[in-house]
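**Q** To start, I am sharing the structure in question, which I have written as structure tokens.
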């Protein structure tokens, strides 16, 4: 587990400034990463996305004390390739060392609110690539089905966490479309109609 002290400070800043999510760029050894941080009160979530043709996203979910697992699974080889590293016997790439160094590059204050389309694109890329094109927020939907974790995370990036929990319990989810003409950002605030 890696303690992400900068994320903890960023989280405190976000709470003080009514931010639910922020996005920023981090350069690690001259390699840029787009980051999306969702200040979920129970589990802080950081998405780290590479750039370029074979982009990928690493999703880190922390605990309430900002400890994150450094296990990368299938993203290990993708990250090594993106960082232009070569395998060296006796001196393998350490995800723990990477995340400890990455933590020191994170901002402790950030006011850049990501667009809903940017949020959906990053979250979908990691969790449901088949819905990669469904990035345009078009409203809220009340249905009898359980709200998926994917949908819940996107809602948490748009509205206060406590409100997203209330909507989830009421089976209200955010709706997303692949059609830009269906985007209705003014409907984000209308979630209160469902509370």
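Computed from the coordinates by the stated procedures, all read-outs in this text should not be read as laboratory data. As the structure is a computational prediction, the values presented were derived from the model and not from experiment. Cβ sites come from the backbone with ideal geometry, for glycine too, and all protein chains shown count toward neighbours.
**Q** For the residues 110, 35, what sequence is obtained by ranking on other C-beta atoms within 10 Å, fewest first?
**A** 110, 35
**Q** If I model a spin label as a point 7 Å beyond the Cα along the Cα-Cβ vector, how far apart are those points for residue 81 and residue 150 in nm?
**A** Inter-label distance under the simple model: 2.2 nm.
**Q** Let me ask something else. Counting alpha carbon pairs within less than 8 Å and at least 6 residues apart, what relative contact order, in whole percent, applies to segment 145-195?
**A** Relative contact order comes out at 42 percent.
**Q** I would also like to ask the following. Suppose the chain between residue 113 and residue 29 were pulled fully straight at 0.36 nm per residue; how much longer would it get relative to their current alpha carbon spacing?
**A** Gain in length upon complete extension: 27.7 nm.
**Q** Between residue 185 and residue 18, what is the label-point separation in nm under the 7 Å Cα-to-beta-carbon projection?
**A** 1.8 nm
**Q** Please report the equivalent ellipsoid semi-axes of segment 116-194, computed as sqrt(5 x eigenvalue) of the Cα gyration tensor, largest first, in whole Å.
**A** In descending order, the three semi-axes are 18, 14, 11 Å.
**Q** Taking neighbour Cβ counts within 10 Å as the exposure measure, how do 109, 183 sort from fewest upward?
**A** Fewest to most other Cβ atoms nearby, the residues stand as 109, 183.
**Q** Okay, next question. Which of 4, 14, 125 comes first, and how do the rest follow, when ranked by fewest Cβ neighbours within 10 Å?
**A** Ordered by Cβ neighbours within 10 Å, fewest first: 125, 14, 4.
**Q** Kindly provide the helix-only [θ] at 222 nm of the chain, computed as the sum of -39,500 (n - 2.57) over DSSP H runs of four or more divided by all residues, to the nearest 500 deg cm²/dmol?
**A** After summing the helix terms and dividing by the residues of the chain, the value is -9500 deg cm²/dmol.
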